[in-house]
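Pasting in a structure now, in structure tokens, and then I'll have a few things to ask.
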There are 2 protein chains.
Amino acid sequence: MNNNIIFGRNSVIEALKSGRRNFNRILISRNLRPDAKIDLIKEYASNLGIPFVFGDKEQFIKYNEYNHQGVIAFVSPIEYIELEDFMTGHRENAAIVLLDGVEDPHNIGAIIRTCVCAGIDGIILPSRRGALINEVVEKTSAGAINHISIIKVNSPVSALQKLKENNWWVIASDHHSDDNYFDIDFLNMNFVLVMGAEHAGISKSIMNLADFKIKIPMLTEFNSLNVSAAAGIIVYEYVRQKLTAGRKHEQK
Amino acid sequence: MNNNIIFGRNSVIEALKSGRRNFNRILISRNLRPDAKIDLIKEYASNLGIPFVFGDKEQFIKYNEYNHQGVIAFVSPIEYIELEDFMTGHRENAAIVLLDGVEDPHNIGAIIRTCVCAGIDGIILPSRRGALINEVVEKTSAGAINHISIIKVNSPVSALQKLKENNWWVIASDHHSDDNYFDIDFLNMNFVLVMGAEHAGISKSIMNLADFKIKIPMLTEFNSLNVSAAAGIIVYEYVRQKLTAGRKHEQK
């Protein structure tokens, strides 16, 4: 199933705001209480010439597993970006997160959500390993998928090789590493952070391309960080370094 | 529904390893392929004198929404710890996370999982605001709830007052704050980190007790970090400070 349906108020609002999706129509439940977010959706829809219709409970039944909150939008699928196009247009010292085989769409959505907050420039999803964008990813991301370049690649190995040739550094999350994630300097370079699959971790062919391998230290014997928590911790270390680096210079 | 049922291999193994739950029996699907984790469960069960029985598909049908992976354990509920008992027994410079009204059991489970990895000493859950431990929390935590003190309190305000009287500091996650989470020193004190509800944030009466208010900076206009991602980022800043503080002294 393509993600041509968006469920829930925040996700619909984010997609409307982004201007990156073509809306076919928006279905709003007849039984909702007055709500500022619904008013906002109607306002956007009116301004953009998108039809919105009011529906009865029956029209929502088949979508009830999706926590739609009484709002469903029928839209064009997300447009993936080609790696080549991304590479010609990005800012200096850009940051990408590559998900190598992450399968749970909730994890993918959660990672994209955190990445957008952290100012990450792009997400690479391999088309044959792990999941791609679907409704669950979109919903879990709270609409964040509309605010970041999503790059679909057939071969993550070729993609990383191409990036490396163009002056990008590959950082792999690897719990066997001796180096902690806060021991490397994320600044003054373009980097791709690779996060591995929930159980299998990062595939060997990709690990071989890593310029840095970093681990998140465990302070107890319970060694089981979720991949979306791990991604959040690492990308925010990048944010911390970025925001405190300037400050250090000021103090000099 | 109490969490007297544990679903899934890892969650059952963690509960067995912890020694903190009384097992009534373990139900294992007759249709599973040979698997090291199932063997481990059987071995624990044999050693501990816990009966395990093999069941047909029919016996699992009513639990199918829980992603049980063919293993279900019937156990005693988790034992909550009294705040007074926790306060008499904790280590120096201990750390607690208080969830003020967090409602989604997936978020609570994810936060507990990260907290155990980060060496946090306890979790405070208010009994009348937000959710308590249930099967979904246990499963999402990957069994982490068995490895940390879970403190249930009737009044989070009274709990925080009691902690403050006993030389604990209250740190509130507050996106209105001017201070970033990496600007405060988490070391050399006992602290309670308060994370607020998904939508409402931290209640006013609790915010008034905060000694520090910290925010996670957003690098884009998209301002919507999930509470479990936010908790992970902050508790791992505490870990980073802890592990790098010692190193600084060595370098002197």
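Each row is one residue, and each column tells you yes or no for (1) β-branched (Val, Ile, Thr); (2) more than 14 Å from chain B (Cβ to nearest Cβ); (3) touching a Cys at 6+ places or on another chain (Cβ under 6 Å); (4) touching a residue at least 24 places away in the same chain (Cβ under 8 Å).
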{"site": "A:GLY109", "(1), (2), (3), (4)": "no, no, no, yes"}
{"site": "A:ASP121", "(1), (2), (3), (4)": "no, no, no, yes"}
{"site": "A:ILE124", "(1), (2), (3), (4)": "yes, yes, no, yes"}
{"site": "A:GLY130", "(1), (2), (3), (4)": "no, yes, no, yes"}
{"site": "A:LEU163", "(1), (2), (3), (4)": "no, yes, no, yes"}
{"site": "A:ASP174", "(1), (2), (3), (4)": "no, yes, no, yes"}
{"site": "A:TYR181", "(1), (2), (3), (4)": "no, no, no, yes"}
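Would you mention how many residues in region A:80-107 are within 14 Å of chain B (Cβ to nearest Cβ) and either part of a helix (DSSP H, G or I) or at pLDDT 95 or above (or both)? Write out each step before concluding.
So in region A:80-107, the residues within 14 Å of chain B (Cβ to nearest Cβ) come out as A:91, A:93-95, A:97, A:103-107.
After this cut, where a residue has to be either part of a helix (DSSP H, G or I) or at pLDDT 95 or above (or both) as well, the list is A:93-95, A:97, A:105-107.
Looking only at that region, the number is 7.
Run down A:ILE202, A:ILE234, A:ILE216 and say which single residue is touching a strand residue (DSSP E or B) at 6+ places or on another chain (Cβ under 8 Å), aliphatic (A, V, I, L, M) and more than 26 Å from A:HIS90 (Cα to Cα). Quick ask: steps written out before the conclusion?
On the way: A:ILE202 fails: more than 26 Å from A:HIS90 (Cα to Cα); A:ILE234 fails: more than 26 Å from A:HIS90 (Cα to Cα).
Step by step, each of A:ILE202, A:ILE234, A:ILE216 is checked, and only A:ILE216 is touching a strand residue (DSSP E or B) at 6+ places or on another chain (Cβ under 8 Å), aliphatic (A, V, I, L, M) and more than 26 Å from A:HIS90 (Cα to Cα).
Which one is nearest to the other protein chains (Cβ to nearest Cβ), of the residues in region A:216-233 that are of a type outside the set (S, T, N, Q), outside any helix (DSSP H, G or I) and out of contact with any Phe, Trp or Tyr (no Cβ under 7 Å at 6 or more places or on another chain)?
Restricting to residues being of a type outside the set (S, T, N, Q), outside any helix (DSSP H, G or I) and out of contact with any Phe, Trp or Tyr (no Cβ under 7 Å at 6 or more places or on another chain), the top hit is A:LEU219.
Working only within region B:142-151, note down all residues that are at the interface with chain A (Cβ under 9 Å from one of its Cβ atoms) and small (Gly, Ala, Ser).
B:ALA142, B:GLY143, B:ALA144
Same structure, new question: Take the residues in region B:182-199 that are in contact with a strand residue (DSSP E or B) (Cβ under 9 Å, 6 or more places away or on another chain) and within 20 Å of B:ASN107 (Cα to Cα); name whichever of them is surrounded by the fewest Cβ atoms within 10 Å (Cβ to Cβ).
So, considering only residues that are in contact with a strand residue (DSSP E or B) (Cβ under 9 Å, 6 or more places away or on another chain) and within 20 Å of B:ASN107 (Cα to Cα), the one surrounded by the fewest Cβ atoms within 10 Å (Cβ to Cβ) is B:ALA197.
Kindly indicate the residue of region A:53-77 that is among the β-branched types (Val, Ile, Thr) and in contact (Cβ under 8 Å) with a residue 24 or more places away in the chain and also farthest from A:ILE5 (Cα to Cα) among those meeting that condition.
Taking region A:53-77 and keeping what is among the β-branched types (Val, Ile, Thr), we get A:53, A:61, A:71-72, A:75.
Pick out the ones that are also in contact (Cβ under 8 Å) with a residue 24 or more places away in the chain and you get A:53, A:71-72, A:75.
Numbers: A:VAL53: 15, A:VAL71: 10, A:ILE72: 7, A:VAL75: 6 Å.
The residue in question is A:VAL53.
Would you check which residues across region A:193-215 are in a strand (DSSP E or B) and of a type outside the set (D, E, K, R) and list them? Lay out the reasoning, then the answer.
Step one: of region A:193-215, the residues in a strand (DSSP E or B) are A:193-197, A:201, A:212-215.
Selection gives A:LEU193, A:VAL194, A:MET195, A:GLY196, A:ALA197, A:GLY201, A:PHE212, A:ILE214.
Would you confirm whether or not region A:181-191 contains a residue that is modelled with pLDDT under 95, assigned to a loop (DSSP other than H, G, I, E, B) and among the aliphatic types (A, V, I, L, M)?
The answer is no; no qualifying residue exists.
Check B:GLU198 against each of (1) at pLDDT 95 or above; (2) within 18 Å of the chain's Cα centre (by Cα) and name the one condition it does not meet.
Among (1) at pLDDT 95 or above; (2) within 18 Å of the chain's Cα centre (by Cα), B:GLU198 violates only (1).
For region B:38-79, give me the residue count where each residue is more than 30 Å from B:ILE151 (Cα to Cα), assigned to a helix (DSSP H, G or I) and of a type in the set (Asp, Glu).
Count: 3.
Next question. Counting only residues that are touching a Ser or Thr at 6+ places or on another chain (Cβ under 6 Å) and surrounded by fewer than 21 Cβ atoms within 10 Å (Cβ to Cβ), how many does region A:101-142 have?
Final tally of qualifying residues: 3.
Inside region A:19-37, can you point out the residues that are under 22 Å from A:ILE78 (Cα atoms), in contact (Cβ under 8 Å) with a residue 24 or more places away in the chain and part of a loop (DSSP other than H, G, I, E, B)?
Listed by number, the residues that qualify are A:ARG20, A:ARG21, A:ASN22.
Of the numbered conditions (1) within 13 Å of another protein chain (Cβ to nearest Cβ); (2) of a type outside the set (D, E, K, R); (3) touching a helix residue (DSSP H, G or I) at 6+ places or on another chain (Cβ under 6 Å), B:HIS199 satisfies every one except a single condition; which is it?
(3)
Would a scan of region B:137-155 turn up a residue that is assigned by TED's automatic domain parsing to the domain that holds B:HIS106, in a helix (DSSP H, G or I) and more than 16 Å from B:THR114 (Cα to Cα)?
For region B:137-155, residues assigned by TED's automatic domain parsing to the domain that holds B:HIS106, in a helix (DSSP H, G or I) and more than 16 Å from B:THR114 (Cα to Cα): absent.
Give region A:110-141 a look and list any residue that's of a type in the set (Gly, Ala, Ser) and over 10 Å from the mean Cα position of the chain (by Cα), or say none.
Of everything in region A:110-141, those that are of a type in the set (Gly, Ala, Ser) and over 10 Å from the mean Cα position of the chain (by Cα) turn out to be A:ALA118, A:GLY119, A:SER127, A:GLY130, A:ALA131.
The values are calculated or read from the model by the stated rules, or taken from the named source; none is laboratory data. What you see is a predicted model; the values in this text were computed from it and never measured. Cβ sites come from the backbone with ideal geometry, for glycine too, and all protein chains shown count toward neighbours.
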